[in-house]
Amino acid sequence: MTSSPLPAEDLLDLYDAAPCGYVSITPRACIAKINRTLADWVLRSPDELVGESIHDILSFGGKIAFETHLAPMLRLQNEVHEIALDLQNAHGEKIPVIGNAREKRGPSGEHLFTRLTLFKAVERRTFERSLIEAKIRAEERFKTEHDQLELRDQFIAVLGHDLRNPLAAVGAGIRLLGKQPPAERRELILNEMQASISRANDLIDDVLDFAMGRLGTGIQLDYPDQPKLEAMLRQVLHEIQTIAPAHKIVCALDDLDEVECDPDRIGQLASNLLSNAVKYGDRERPIKLESRIEGKLLQLSVANHGNPIPEHMHIKLFQPFERGLVTGGAKGLGLGLFIVNEIAIAHGGKMSVSSSDEETRFTLTMPVKKPDADCSMAGD
């Protein structure tokens, strides 16, 4: 059986009508030759494009990729494979392509042309983007699940350790009272039990505030018609001074009658800051509670002397379960400053800290007037 001869391939047509784009580029980045397939993609004619810059058919991103990746790589290794580019047609529409390039050199090694073969990659690039988006979603889901597990572990630690300690002290006191100790001993035991109950209640309040701030809608505020903020701050100051009589606290407050706020929450904020100053400050030097109004803003600050807080720790101070330098027997969940910050945010304000060898100062900055629901300076 005699087979029929194979038809001869038209090499010119093979180049011009190939299922991919061909373009030859001079060392000055001008188009020396381009096939009809590629010209059709960009809605131009081959004759129109010859002599023009290759940049004329590249998108802005494609021009950057050509100059910063393709051209340098060609100079280094003479060829490049599977580089992603975006063409741009006559209507300004992008065409994703994948290209292979090789340099043609003369007998003396001089650069004559860069030959570039391009393949449309719309579906491939769409698929790649979908993979990247799926990866991002998976990472976000993993982070959320990791945060939830970490939060669960933190709550378990609170219930399993921090709340157990004061309850154990109350239990020990009950057992001692059952043994009918002398009257003076009973009074001491009852005082210790009351202190343990107060500590357990403080822990519970902190956890509830944490839950509202982290899991709910944030710290809830109650704005009375007459906040009487100065009276609240002086009451807090008196309470702290009663608990820590060895510490001197200096108070300098502006007229706060115009401040619209939840005085109980601002009192809670001040109490937390003053308690920290008592715990971590130099007891030989005074603690300062100061406020001033500048324009439409209130600044309320607590300052103490002592060891400075390292600067790298400042960013973590207002995160839950984080604490600064713990000295002596200071205890706590590390929720105090987190709650302080949540109170500031709820009032449309923010917290800041500065710390040096001279002093450590925590400052609340918030609007004097009640902020609108969608107005906050917390992210400024």
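Being open to solvent by less than 50 Å² (accessible area, probe 1.4 Å) and either touching a residue at least 60 places away in the same chain (Cβ under 8 Å) or within 18 Å of Val353 (Cβ to Cβ) (or both): is that true of Asn307 here?
So Asn307 does not fit the description; no.
What pairs can you find where one residue is in the range 50-78 and among the charged types (D, E, K, R), the other is assigned to a helix (DSSP H, G or I) and open to solvent by 40 Å² or more (accessible area, probe 1.4 Å), and their Cβ atoms are less than 9 Å apart, with a gap of 6+ or different chains?
Lys63/His55; Glu67/His55
For residues that are assigned to a helix (DSSP H, G or I) and in contact (Cβ under 8 Å) with a residue 12 or more places away in the chain, scanning just the range 35-46, find the one that is most open to solvent (accessible area, probe 1.4 Å). Before you say what the answer is, go through the steps one by one.
In the first step, residues of the range 35-46 are kept if they are assigned to a helix (DSSP H, G or I); the result is 36-41, 46.
So of that shortlist, the ones also in contact (Cβ under 8 Å) with a residue 12 or more places away in the chain come out as 36-38, 41, 46.
Working: Arg36: 95, Thr37: 23, Leu38: 0, Trp41: 41, Pro46: 35 Å².
Of everything passing the filter in the range 35-46, Arg36 is most open to solvent (accessible area, probe 1.4 Å).
Residue pairs, Cβ under 9 Å, 6 or more apart or interchain, first in the range 355-380 and under 18 Å from Val340 (Cβ atoms), second aromatic (Phe, Trp, Tyr) and modelled with pLDDT of 55 or more. List them.
Hits for this filter: Thr360/Tyr280.
Quick one: in the range 1-32, of everything that is touching a residue at least 12 places away in the same chain (Cβ under 8 Å) and more than 51 Å from the chain's Cα centre (by Cα), which residue is farthest from Leu116 (Cα to Cα)?
It comes out as Ala17.
Can you tell me which of (1) within 14 Å of Gly21 (Cα to Cα); (2) open to solvent by 100 Å² or more (accessible area, probe 1.4 Å) is the one Asn100 doesn't meet?
Failed condition: (2).
Hey, does the range 19-34 have a residue that's open to solvent by less than 50 Å² (accessible area, probe 1.4 Å) and over 22 Å from His111 (Cα atoms)? Talk me through it step by step, then tell me what you get.
First, the residues of the range 19-34 that are open to solvent by less than 50 Å² (accessible area, probe 1.4 Å): 20-21, 23-26, 29-32, 34.
Subsequent filtering for residues that are over 22 Å from His111 (Cα atoms) retains 20.
So far as the range 19-34 goes, yes, one or more of its residues are open to solvent by less than 50 Å² (accessible area, probe 1.4 Å) and over 22 Å from His111 (Cα atoms).
For the range 184-211, how many residues are open to solvent by 60 Å² or more (accessible area, probe 1.4 Å), at pLDDT 75 or above and either aliphatic (A, V, I, L, M) or not in a helix (DSSP H, G or I) (or both)? Give the derivation first.
So the first thing to find is which residues in the range 184-211 are open to solvent by 60 Å² or more (accessible area, probe 1.4 Å), and the list is 184-188, 190-192, 194, 197, 199, 201-202, 204-205, 208.
Checking the rest, the ones that are also at pLDDT 75 or above come to 184-188, 190-192, 194, 197.
Now drop any that are not either aliphatic (A, V, I, L, M) or not in a helix (DSSP H, G or I) (or both), which leaves 188, 190, 197.
Qualifying residue count, the range 184-211: 3.
Those residues that are within 21 Å of Leu297 (Cβ to Cβ) and either open to solvent by 20 Å² or more (accessible area, probe 1.4 Å) or of a type in the set (S, T, N, Q) (or both), I need them from the range 228-263; list them, please.
If the condition is that a residue be within 21 Å of Leu297 (Cβ to Cβ) and either open to solvent by 20 Å² or more (accessible area, probe 1.4 Å) or of a type in the set (S, T, N, Q) (or both), then Lys228, Glu230, Met232, Cys251, Ala252, Leu253, Asp254, Asp255, Asp257, Glu258, Glu260 are the ones that fit.
Which condition breaks for Ile219 when tested against (1) open to solvent by less than 40 Å² (accessible area, probe 1.4 Å); (2) within 29 Å of the chain's Cα centre (by Cα); (3) modelled with pLDDT under 75?
Exception for Ile219: condition (3).
The values are calculated or read from the model by the stated rules, or taken from the named source; none is laboratory data. Every value quoted in this text rests on a predicted model; they were computed, and no experiment measured them. With ideal geometry, Cβ positions are generated from the backbone for all residues, glycine too; neighbour counts draw on all protein chains shown. Surface accessibility is based on the protein's heavy atoms, side chains included, excluding ligands, DNA and RNA. Shrake-Rupley method; radii C 1.70, N 1.55, O 1.52, S 1.80 Å.
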